[in-house]
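The values are calculated or read from the model by the stated rules, or taken from the named source; none is laboratory data. The structure presented is a predicted model; accordingly, all values stated were derived computationally and were not measured. Glycine gets a Cβ as well: all are built from the backbone with ideal geometry, and neighbour counts include every protein chain shown. Only protein heavy atoms, including side chains, enter the accessible area calculation; ligands, DNA and RNA are left aside. Shrake-Rupley method; radii C 1.70, N 1.55, O 1.52, S 1.80 Å.
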Protein chains: 2
Amino acid sequence: MKGKVMKIAVSGKGGVGKTTFSAFLIRTFNEMGRHVLAIDADPDANLGAALGIFDAHTIVPISEMKELIFERTEVGQGGIGGFFKMNPRVDDLPDALSVKFDNIKLMRLGGIKKGGGGCICPESTLLKALITHIVLARNEVVIMDMEAGIEHLGRATARAVDKLIVVVEPGRRSIETAHHIRKLAADIHMRDIALIGNKIRGPEDEIFLRRNLPDLNFLGFIPYDDALIEADLKSICPFDVDTPAKSIVRKVVAELFDRKQ
Amino acid sequence: MKGKVMKIAVSGKGGVGKTTFSAFLIRTFNEMGRHVLAIDADPDANLGAALGIFDAHTIVPISEMKELIFERTEVGQGGIGGFFKMNPRVDDLPDALSVKFDNIKLMRLGGIKKGGGGCICPESTLLKALITHIVLARNEVVIMDMEAGIEHLGRATARAVDKLIVVVEPGRRSIETAHHIRKLAADIHMRDIALIGNKIRGPEDEIFLRRNLPDLNFLGFIPYDDALIEADLKSICPFDVDTPAKSIVRKVVAELFDRKQ
C-alpha cells in the first residue's frame with residue numbers, strides 16, 4: 001500500500017505553530033499504527049519536546065556532529081580548503097542516530113544555509129544527502145518540520161515529497177512567508193502544496209486567510225487555544241491535552257490518505 | 001553625548017514579536033529626534049512593514065545582491081572556487097542602500113549561515129564586514145532585528161553593542177532560545193543582555209518567565225494585545241495604534257539612556 005510511505009514536509013513562518021502541528025501529525029500517524037520517521041530540521045524549534053520526548057534537548061543535531069561530517073565527507077583527508085566527497089554515505093544514519101519513542105524515530109538535523117546559494121560546505125552536503133536518502137529510500141511515513149523555507153529540499157527530492165504543508169496564522173508576515181515558500185517550491189517543481197490555518201480566533205480570521213491565499217487549498221483550521229499554551233508552560237505534550245486540534249489533524253490525515261490511494 | 005550612538009541588537013525565537021518590538025524601539029528613538037539606522041537581519045521577518053514603510057517588500061536584501069557581492073568581494077576575478085577579498089569595501093553601503101523614512105534609514109541584510117561554522121562564502125563575508133562597519137563606525141543609533149541567534153555578530157562587534165535584548169513570550173521554546181542566545185553571546189564575550197517579556201496574558205505569565213530566566217534582567221513586560229493583531233491584519237503600522245506597548249517601550253528607552261550616561 002503506497003500510503004504507508006507518505007512523505008510530508010511542513011513549513012511556515014517561525015512561531016505559527018509549525019512544530020506543534022508537525023507533532024500532532026506524527027502522533028496521529030503513530031496512533032494509526034504507522035512507523036514514522038520524524039525529522040526536526042528547524043534549529044529554532046524542538047520537535048522532540050513537542051512530541052513528548054522528555055530528554056529531547058540532549059539530542060545533538062547532525063549539523064553539529066563535526067567528526068561524523070568530517071569522516072563521511074572525508075574533509076580531513078583533503079586538508080583544509082581541499083576537496084570533499086559530494087556523495088557521502090548516509091543510509092545507516094536514520095537508524096543509528098535517531099531517538100525512539102513508540103513507533104516514532106526522531107532525528108535532529110540542525111541548520112542549513114539559507115538563501116544565497118553558491119556556498120557549499122561539508123555540513124550542508126551531508127544534510128542534503130541524508131534528506132535525499134530519507135525521502136527517496138525510507139520505507140515509512142516521513143514528517144519533516146522545516147524552517148520558514150524549504151532549503152533542505154532539492155529538485156531530486158521535490159518529486160518524492162507527497163505534500164508540502166504550510167502552516168499560517170492570521171498575520172501578514174505569516175502570509176508573506178507562505179507566498180515566499182510557494183515561490184521556492186515552484187522553483188523546484190514542487191506543486192502539491194496545501195495550507196493549515198492555525199490560531200484561528202473566529203470566522204473573521206478564517207476569511208482573512210482565505211482572502212489572502214485565494215488559490216491554495218486549506219486542509220483545515222485549528223482554533224486559538226489557551227490550553228495548548230498552558231500545556232507548553234507545564235511541559236505537557238500538547239497531544240496529550242484535550243484540544244480540538246486533535247480531531248482536526250485526524251481528519252487532515254484521513255484526507256491525505258484518501259487522495260493518495 | 002555617547003547615548004546618541006547607542007547600538008542595540010534584538011533577538012529571540014521566531015514569532016515572539018521581536019520585529020514588532022524592534023519597530024517600537026526605532027520609532028521611539030525617532031520620536032525623540034534621533035537618527036536611527038534600522039537593520040533588518042531576519043529573512044523571516046519584515047521590519048520595514050512593521051515600521052510602516054509601505055513598499056518595504058520591494059527592498060532587495062543585500063544577501064541577494066549578487067552583482068554587488070561579486071564586485072565587492074572580487075569573486076568573479078578569481079574564478080569559481082578561487083579566492084575572494086575578505087575585507088570588502090562597505091562604508092558607502094548604509095547611505096547608498098537604505099530606504100529613508102523620517103529620520104530612519106532602513107537596510108535589509110537577508111540571511112546568513114546559521115551554526116556549523118567552517119563555511120565561508122562571499123555573501124556572509126560582505127554581510128559581516130558591513131555589520132562590523134555599522135556597529136563600530138556609524139554615528140547614529142543602530143537597532144538590529146536579528147534571527148533567533150546572533151550569527152551576524154562576531155567578537156569584534158560584540159564589545160561595541162551596548163545591549164542585546166532578547167524578546168521572550170510565555171512558551172518553553174522561547175525560553176530555550178533565550179538560553180541558547182545567551183550561550184552564543186557569552187562565547188563572544190557579550191555580557192550586556194536583557195529581556196523583554198511579550199504577549200503577557202496576566203501576572204502568571206510574568207511569574208513563569210521570571211522563574212525560568214531567573215538571572216537575567218527584564219526591561220519590561222508587554223501585554224498580549226488583540227489590537228496589535230488587528231493592526232497587522234489591516235496593514236496598519238502597530239506603532240500608530242493605541243496600545244500599552246508604546247509607553248512601555250518609551251520607559252525602556254529612557255532607562256537604557258539613564259544607564260548609559
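Quick rundown of the values:
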{"quantity": "Yes/no for residue B:157 being modelled with pLDDT under 95, of a type outside the set (D, E, K, R), part of a helix (DSSP H, G or I) and over 17 Å from residue B:39 (Cα atoms)", "calculated": "no"}
{"quantity": "Residue identified as in contact with a His (Cβ under 8 Å, 6 or more places away or on another chain), within 13 Å of chain A (Cβ to nearest Cβ) and under 28 Å from residue A:20 (Cβ atoms) among B:176, B:151, B:169", "calculated": "B:176"}
{"quantity": "Residue within segment A:46-65 that is modelled with pLDDT of 80 or more, more than 24 Å from the chain's Cα centre (by Cα), assigned to a helix (DSSP H, G or I) and more than 10 Å from every other protein chain (Cβ to nearest Cβ) present", "calculated": "no"}
{"quantity": "Residues within segment A:85-110 that are in a loop (DSSP other than H, G, I, E, B) and among the charged types (D, E, K, R), tallied", "calculated": "5"}
{"quantity": "Any hit, segment A:172-186, residues being in a loop (DSSP other than H, G, I, E, B) and either farther than 21 Å from residue A:256 by Cβ or of a type in the set (A, V, I, L, M) (or both)", "calculated": "no"}
{"quantity": "Residues being crowded, with 21+ Cβ neighbours inside 10 Å and at pLDDT below 95 - total across segment A:162-173", "calculated": "2"}
{"quantity": "Among (1) in contact with a strand residue (DSSP E or B) (Cβ under 7 Å, 6 or more places away or on another chain); (2) outside any strand (DSSP E or B); (3) under 18 Å from residue A:91 (Cα atoms) - the single one residue A:143 does not satisfy", "calculated": "(2)"}
{"quantity": "Boolean, residue A:209 is closer than 29 Å to residue A:49 by Cβ, more than 18 Å from the chain's Cα centre (by Cα), of a type outside the set (Ser, Thr, Tyr) and surrounded by 24 or more Cβ atoms within 10 Å (Cβ to Cβ)", "calculated": "yes"}
{"quantity": "Condition broken by residue A:34, with the remaining ones in (1) of a type outside the set (Gly, Ala, Ser); (2) part of a loop (DSSP other than H, G, I, E, B); (3) open to solvent by less than 10 Å² (accessible area, probe 1.4 Å) satisfied", "calculated": "(3)"}
{"quantity": "Filter pass, residue A:76 being more than 10 Å from chain B (Cβ to nearest Cβ), over 20 Å from residue A:8 (Cβ atoms) and at pLDDT below 80", "calculated": "yes"}
{"quantity": "Filter result (under 30 Å from residue B:5 (Cα atoms) and buried (at least 18 other Cβ atoms within 10 Å of the Cβ)) within segment B:224-242", "calculated": "B:228, B:238, B:239"}
